[in-house]
1. Which residue is modelled with the lowest pLDDT, if the candidates are limited to the stretch C:207-223 and must be in a loop (DSSP other than H, G, I, E, B) and surrounded by 15 or more Cβ atoms within 10 Å (Cβ to Cβ)?
2. Identify all residues within the stretch D:232-268 that are within 30 Å of residue A:248 (Cβ to Cβ) and assigned to a loop (DSSP other than H, G, I, E, B); write none if there are none.
3. For the stretch D:207-223, does any single residue satisfy the condition of being at the interface with another protein chain (Cβ under 8 Å from one of its Cβ atoms) and either within 22 Å of residue C:324 (Cα to Cα) or in contact with a helix residue (DSSP H, G or I) (Cβ under 6 Å, 6 or more places away or on another chain) (or both)?
4. Answer yes or no: is there a residue in the stretch C:139-159 that is under 26 Å from the mean Cα position of the chain (by Cα) and outside any loop (DSSP other than H, G, I, E, B).
5. Can you name every residue in the stretch A:224-252 that is surrounded by fewer than 24 Cβ atoms within 10 Å (Cβ to Cβ), over 18 Å from the mean Cα position of the chain (by Cα), more than 7 Å from chain D (Cβ to nearest Cβ) and in contact (Cβ under 8 Å) with a residue 12 or more places away in the chain?
6. Within the stretch D:192-202, can one find any residue that is at the interface with chain A (Cβ under 9 Å from one of its Cβ atoms), buried (at least 24 other Cβ atoms within 10 Å of the Cβ) and not in a loop (DSSP other than H, G, I, E, B)?
7. Would you pick out the residues in the stretch C:82-103 that are touching a residue at least 24 places away in the same chain (Cβ under 8 Å) and either more than 10 Å from chain D (Cβ to nearest Cβ) or touching a strand residue (DSSP E or B) at 6+ places or on another chain (Cβ under 9 Å) (or both)?
8. From the list C:131, C:181, C:154, which one is surrounded by 23 or more Cβ atoms within 10 Å (Cβ to Cβ) and more than 12 Å from chain B (Cβ to nearest Cβ)?
């Protein structure tokens, strides 16, 4: 299927990003849930909550686990989350003697949110690198053309001359600042989620602080005193930063599309899009796509903020809403960065040479 | 890939809808574009614009056409639309003598928008039938439980008793009205798109009114005097109606989730979701999903309205934005209807029996 | 205060519309609530539910009613709606003998929603007339310049020549269609709201069908069998049509701003905005404002769709959300129409004269 | 006028906040623009760009300046910004000999953005204090009731018991974190805007670094090397933090409304709203208002992100869009904090006493 342009056989070439999308496959998600269960089992074994044999039995199954995806789909439809079905499938394969030692303590959300932040951390790194690359491309453009002259335009009208470097700085600085904010937001977001059914963990099951500590080390995630099941502010802050990043790219795209107008011709781009009807055209596709992605993300971010109205200890409605928009926000941001880098690197001229003085 | 929950191996079981999604595959899209080219060739042949031999040669290729999808993806990335690459692939396979007779006159948007409305018409039918089914389920529930008593609640507080039939009527009537509006919006939307590069068709190519008339008959689409390339109001009106439909379902979901609270227990649902941690729970998954889908669509619709700011004769940015959200709006609506029907049909009691009088 | 640009001493000159805003004053709202109480009292008197003397006593107070606004503000803060405080103020002034005959049967929502649709009907007429005026201005522009030549532009690049009339038609037709839809939506929306506390009216209070019929005649509103307290689809459909109207204007504004660029100069506008720093500039203010208003409304409409998730018999949260955005949507639409008419009427040339043939 | 609930004679009692709104009056805005002109004149005099006499003449007029608001409204309608009209009014009152020394160098945006951040800094302080007060109220509630028992609820169903303190912690921690982020965002945002017509200041006018430095000291604002005319990321980051704050309050409101349901009765609130029809009701108005404000802001934030697509050196469309939503976001956030504090302080019980052990 291909309801989303990001999953679509041909539209994903234009709008999507395979490298980022790879973190949102069912397989990638399940791989992290499997790591979660292994980390939990080993931590519980080390703390004497389950036996070492049980932990090894669980690890053995997890290492080789491939889900029956059709069954998982049907179970998810019934349960509203993938985890009960996932745990059933894993448990069936564990020696019955140790089956009860699997998934002792956590709730669905612990697996899903932990899997999410483990993958978002990779996405954040990828976005960080790409932002750096866009900034580098802008710096290179500034070195090459920064001394050229450009007519500043305000309210869509010619104002006075500026240097090309002035406009490029206005493109670059928001990316630099937002990159830094995203890095901080990622740090604040990426914590182990481990709260059990109600966020408070069953004390009877024992030794949670130590178990969590060990899980955090195994998964390379910091551990907080409380679970963040119903506290979604850091996830929203992360998404906010992504969307500001694509907003900054949208400005670049809008500016380039305006500069590329035939009569204005302040920029010369690498070969653009061809037309099925007009061979003479050289469409600034990348620039338009940056605008489309920015507006897409500017719309999606609203859903993330609505999802903060997350009732009680777990809202099926609000939490599900996050699943419906966050992966797309990530891919749209990453795709925009790749598009921007190509667009900027493909500029052969901006502005006009300054008059010899 | 599975960036979107609607395309996702297991989340699509919960949130997606395979039957609707089938209209948004690359294959379904290309199938309609192929039909467009055949209808155009035959119409132009009938009007003497191209030869009958050419039309037959084109048809022969089109009938068997299977795209090289990787190439199409790369071409779409460059051109911003699939059509130039698609036409190149078809043309390569047509006898060189007739190759120039393929795709004479239209622009990319003619194929893409016509393909879209041909498929949206199917989607609208499916949604119409499902709405009817939800209304029927509500009527059935009203017959079964309508005389039961329910505490009306205003501002989340108990007010006075009403009959279950009163609340069900408030669920049903918006669906009935919106179903009718959607039907009208579909009628107004589903017109042949045929305007050529700038929406005005090249008169030198000749005989357009007759060619369009014939294409309309072949594709079973009415024909308008002007193309609607840059006039997106009817598409937005169509989306508005869909989103109002899912808003109506969201109210049902919210009400059911509230009625299903343990202490209130005004509704008994068919077995709900299981929990990985709490075997006693019977979660009202379907009800929550209706709320999530309604909020998702309430967010997405904003993008459709932004896309009306469609500059000049074709906006790459605004048009692309439609592609990014409209399929998801359709699937979310259809999925909500299926979920609602299951939810309502699975109700075993609502309200309490009236006191014998 | 002037938190909103529409209420602001100087920004309202740019973005607001005094004529439309007049329908959203506290005074205009209270005037309709007063009419509601009078219509109710007379209808109940005619049906023998209250005495004729009571009705006259109520009318006498209502005719002269001026609220203590500070008290109303404090009461609204406590009650969440204005009506309890309003009724208290009216009742205090009614002869104690008849005081109990005031406000027999309705709930707050009956007054507020009825007052709303009575005023929205005026707003709809105003918007209808203004849309007609914009269409007339476009027709006049088409008569004057329609035969001029313009370069069609697709994806921000020059395509081929079209006539100015072609582009104007693409501006006009969505307005014509949406005007028609708005008229239908207004008809479907403007019904008497009269349902009592839970939407079902207290049968013990008696003779409701006849009372409602009489109220409908007095207020010139059709009457429905059921109240629409929790059925907000028609209100949202009304708002959807408004926002499509401003979307259509946004396209005009975007196009004009692009045509007015110095190097392109495809349109000559009446004197535009001056600059505090650059006397040579002639900014296309009206065109930009149309874009800003369109995007504003494209954002706001999302809230109206969220408000359809209106739980139970009355949602304080969802209903309040309507109050927070609907007046602004109306004013933004009306203001856009006035701006568009001025902009279009002020065009002294579009396009270039066709070559003599 | 009272298009907006925040400016409305009685609705502002429920939804608005007079203290915050005071920062968004025309008078407050003009007061800061006047301070800007004085700071500029004195700085330029100190650097020898204008004479000390001119600076004193300008200050004398500025100190007493009261605008002709009707004229300002008409001028804003024409110019798209208030500044040209404002400067004309000030200049008319300055001795002609010194009139040319007024407003030497800046553009409209310098005054408007500097005035904005000067006022947003006050708003941020007010919001900071109120957030602290809400956190304090939560801490007090936790001290009083934290050891009480509450049924945790997930997916709207009873899960297992937690302590009241567990839920309160989930309300409080997002506020604490977001308060910190808002403080940082405010610091990053509140910079002098001083770029002249194109953001680069006219070097011929001379001594800008020193003039800016002096202005910064006078206005107590840090100074950046470049203007941020077209770099709106920090303004959006500021708004993002506000909206996350109201999202956090929305969760509290939703939880309280659910807890206050009659059958559940997990919270006892101070007297709530009265009903015009049902004297027995005690509506949790404040809780519902928190939800409405959160959803309102979750919608508005989308506009701020769209406004990042700010073309060229100044976008009339994108910049105007900020003016249309940012004040409302600020007031909705502040109003929510005041509402939350009242709501929480008015709680007389949450949860049930733990069984004696």
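The values are calculated or read from the model by the stated rules, or taken from the named source; none is laboratory data. As the structure is a computational prediction, the values presented were derived from the model and not from experiment. FYI the Cβ positions are ideal-geometry reconstructions off the backbone, even for glycines, and counts take in every protein chain you see.
1. Residue satisfying both the conditions and the ranking: C:207.
2. D:232
3. The answer is no; no qualifying residue exists.
4. Within the stretch C:139-159, one or more residues are under 26 Å from the mean Cα position of the chain (by Cα) and outside any loop (DSSP other than H, G, I, E, B).
5. Answer for the stretch A:224-252, where residues must be surrounded by fewer than 24 Cβ atoms within 10 Å (Cβ to Cβ), over 18 Å from the mean Cα position of the chain (by Cα), more than 7 Å from chain D (Cβ to nearest Cβ) and in contact (Cβ under 8 Å) with a residue 12 or more places away in the chain: A:224, A:228.
6. For the stretch D:192-202, residues at the interface with chain A (Cβ under 9 Å from one of its Cβ atoms), buried (at least 24 other Cβ atoms within 10 Å of the Cβ) and not in a loop (DSSP other than H, G, I, E, B): absent.
7. Matches in the stretch C:82-103: C:84, C:89, C:90, C:93, C:94, C:95, C:97, C:98, C:101, C:102.
8. When all the criteria are applied, what remains is C:131.
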